[in-house]
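The values are calculated or read from the model by the stated rules, or taken from the named source; none is laboratory data. All figures in this text were calculated on a predicted structure; none of them were measured in a lab. Don't worry about glycine lacking a Cβ; one is built from the backbone with ideal geometry, like all the others, and counts go over all protein chains shown. Note: areas computed on protein heavy atoms with side chains; ligands, DNA, RNA excluded. Shrake-Rupley method; radii C 1.70, N 1.55, O 1.52, S 1.80 Å.
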Amino acid sequence: MPRKKITVIGAGNVGAAVAQQILAQHLGDVVMVDIAEGMAKGKALDLNQSAPILGYQGRVEGTQKYEETIDSDVIVVTSGSPRKPGMSRDDLLRINFDIVHTVVGHAAAASPEAVMILITNPLDLMTYTALKTSKYNTGRVVGMAGVLDSARYRFFLSAALSISPHVIEAMVLGGHGDDMVPCAGLTRVGGAPVESLLPAETLSAIIQRTRDGGGEIVKLLQSGSAYYAPAASAVRMVSAVLNDEKALLPCATLLQGEYGFRDIVLGVPVVLGAQGVERILEIPLKEQDRAALSKSAAALEPLCRQIDQWLREKE
Ligand code: APR
C-alpha cells in the first residue's frame with residue numbers, strides 16, 4: 001500500500017514539529033509548504049537526515065508550490081503571523097484570515113478529498129475561515145485546540161495528584177482562549193469524579209492555569225509560542241483520521257444546532273475518523289459548564305459574522 005501523504009502548511013516551529021512527529025509515528029510522507037521556501041527545504045533536509053538514525057520510513061519534501069501537495073490525504077495548516085508587540089487581537093485576526101484564506105484556497109484545490117486540520121490562531125475563527133474557503137463538507141475541516149487544552153489540564157491534574165496523566169479523562173470544550181471550558185463535570189481519575197479527589201480551590205487554580213496555558217509558555221520563552229504539545233495534539237488527530245479510529249476527542253467544528261448553537265465553530269466532543277468529524281457527541285453538561293460554553297459561543301458569534309463579511313468582500 002502506498003504511504004499516506006500529509007501536507008503541512010507553514011514550516012515554522014509548529015509545522016516542523018508536526019512533520020517530525022508524523023515521521024516518528026510512521027504515519028506517511030510529508031510535504032511542507034512555506035512562503036519562505038528555504039525554511040521548508042532546509043527543515044525537510046534536516047528531518048530526512050535523521051531518518052537513518054531514527055528509522056523513519058517516510059520522507060519530507062520542502063516546497064513553496066502547491067502542485068507538490070496534490071492528492072494529500074490530510075492537510076495541516078500552521079501558517080500564520082505571530083502576535084507582535086502592539087498588535088491587537090483584531091489586527092492578528094485580519095492578518096491570519098488573509099493568510100489562511102490564501103493557503104487553504106490553493107491547498108483545497110490541489111486535494112479536494114483531504115481532511116484539513118487547523119492549528120493557526122485564533123483557532124476557532126481560522127477553522128471557520130478554512131471551512132468556508134475550502135468548500136469542503138463540514139466534517140472535513142476541523143480545528144485543533146481541545147486536544148491541547150485537555151492535555152494541559154490533564155498534565156496539571158496529574159502533577160497535583162501525583163498520578164499518571166493517562167488515567168485522567170478530561171474534556172476542555174469551547175473556544176480556544178480565555179473563555180475555554182475545562183468541564184469539571186467530565187473530569188475523571190480512574191473513573192472517580194475529580195471533585196472527590198482535589199479540594200475545590202486546587203481544582204479552580206488548575207482550571208485557571210489551563211486557561212492561561214499558552215500565555216504561561218509565551219512569557220517564559222519571551223519570543224515565540226508553544227510547539228511540542230500543539231504538534232503532538234495535531235498529530236493525535238492526524239492519526240485518528242488516517243487510521244479511521246472513530247476517536248472521541250474535543251475538536252473545533254462547525255455547529256449547526258448542536259449544543260444549541262448555529263453557524264459558529266466551537267470546541268465540542270467529536271468522533272474523528274477517516275471522514276474527519278463523523279459525528280458531534282452531545283454529552284449532557286453540568287449547568288455551570290453549559291453556561292460557560294454559552295459565554296464562549298457568544299464571544300465567537302460576532303467574529304464569525306465579521307469573517308462572513310470579509311469572505312463576501314473577497315468574492
Ligand atoms: N504561506 C505559507 N506559509 C506562510 C504564509 C503563507 N502565506 N504566511 C506565513 N507562513 C509561514 C511563515 O513563513 C512561518 O514559517 O508560517 C510559518 C509560521 O511559523 P512560526 O512563526 O514559527 O509560528 P509557529 O510557532 O509555528 O505557530 C504557527 O500555530 O499555535 C499556532 O498561534 C500559533 O498561529 C500560530 C501557528
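Note on the chain: Cα convex hull, mean projected area over all directions, 16.3 nm².
Of Lys295, Lys286, Lys135, which is the most mobile in a GNM of the chain whose springs link Cα atoms less than 10 angstrom apart? It is Lys286. Taking label points 7 Å from Cα along the Cα-to-Cβ direction, Ala232 and Ala36 give a separation of 2.6 nm.
For the chain, the longest principal axis of the C-alpha atoms and the axis of helix 89-110 are separated by about 50°. Per residue, the convex hull spanned by the Cα atoms of region 5-143 amounts to 94 cubic angstrom. With the cut-off at under 20 Å, measuring from each backbone N in region 5-44 to a point 7 Å along the Cα-to-Cβ line of Ser223 picks out 11-17, 35-40, 42-43. Subtracting the Cα-Cα distance of Leu281 and Asp212 from their residue separation scaled by 0.36 nm leaves 22.2 nm.
Protection proxy ranking for 271-282, 122-133, using the average of other Cβ atoms within 10 Å per residue and placing the highest first: 122-133, 271-282. For the chain, the tally of Lys pairs with Cα-Cα distances below 18 Å comes to 9, considering only residues 8 or more apart or on different chains. Full extension of the chain between Ala299 and Glu258 yields a length gain of 13.0 nm, computed as 0.36 nm times the residue separation minus the alpha carbon distance. Expressed as a whole percent, the accessible area of the chain that falls on carbon and sulfur atoms is 53 (1.4 Å probe). Above 26 angstrom, tally the Cα pairs of region 146-308 and express them as a % of all pairs, no decimals. Here the tail beyond 26 Å accounts for 28 percent of pairs.
The residues of region 41-200 present an accessible area of 43 Å² per residue when probed at 1.4 Å with all protein chains retained.
Within region 195-216, whose backbone N sits under 18 Å from a point 7 Å along Cα→Cβ of Val167? Taking a point 7 Å out along Cα→Cβ of Val167, the residues of region 195-216 whose backbone N falls under 18 Å are 195-199.
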